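One structure is given below, encoded as structure tokens.
Nothing in this text is a laboratory measurement; each read-out follows from the coordinates by a stated rule. Note that the structure is a prediction, hence the values are computed from the model and not measured. Note: ideal-geometry Cβ built from the backbone for every residue, glycine included; neighbour counts use all protein chains shown.
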Amino acid sequence: QNGKLYRAGQKPTEKPVGLSISRSPPIAASGIQEKGPAISPVKGINPETLSEEFIDVMVIDNRGKIQKCWLLRPVDDPAKKVHLEVQFEISAAGKVTNTQIANSTSNDEALEKCVKDIFSQILFRPYTGSLISPTYPIDFE
């Protein structure tokens, strides 16, 4: 309703479900911050790395799926807020590996698994550089 998500049975006068995703800069396995073009300047040639902006777009494109993890959980406390930090690696093939919850204020293993599964399914474009390891803080309310 009005572009906002509500839980089943929740009145539109109540606060809608909130979700914010922010980013810590992607760090290469070497510990050096990655920078580079979001897309290859020459069609058919893979870029050297993935830009922070490109990774942001790919993560934010999955925001609806991430929000469903929150909406489908059992409601023990409707006013509860949860903070998760999802860390993952992006291989040069563009595949997400080693997804983990680096920090969490939740005791909900199902929510954490659901969010990890969404991140594990994100497919990035291939690139030629080293492994990228970003961390994304996610706040549910």
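Before moving on, here are some points about what is shown:
- Calculated diffusion of region 62-139, Stokes-Einstein form, Kirkwood radius summed over Cα pairs, 4 °C and 1.567 mPa s, µm²/s: 98
- In this simple spin-label approximation, E85 and L131 carry label points 7 Å from Cα along the Cα→Cβ vector, and these lie 1.9 nm apart.
- Evaluating 6.51 cos²θ - 1.76 cosθ + 1.60 at θ = phi - 60° for every residue in region 55-66, the Karplus couplings come out as 5, 4, 4, 5, 5, 5, 4, 9, 4, x, 5, 5 Hz, glycine and proline recorded as x.
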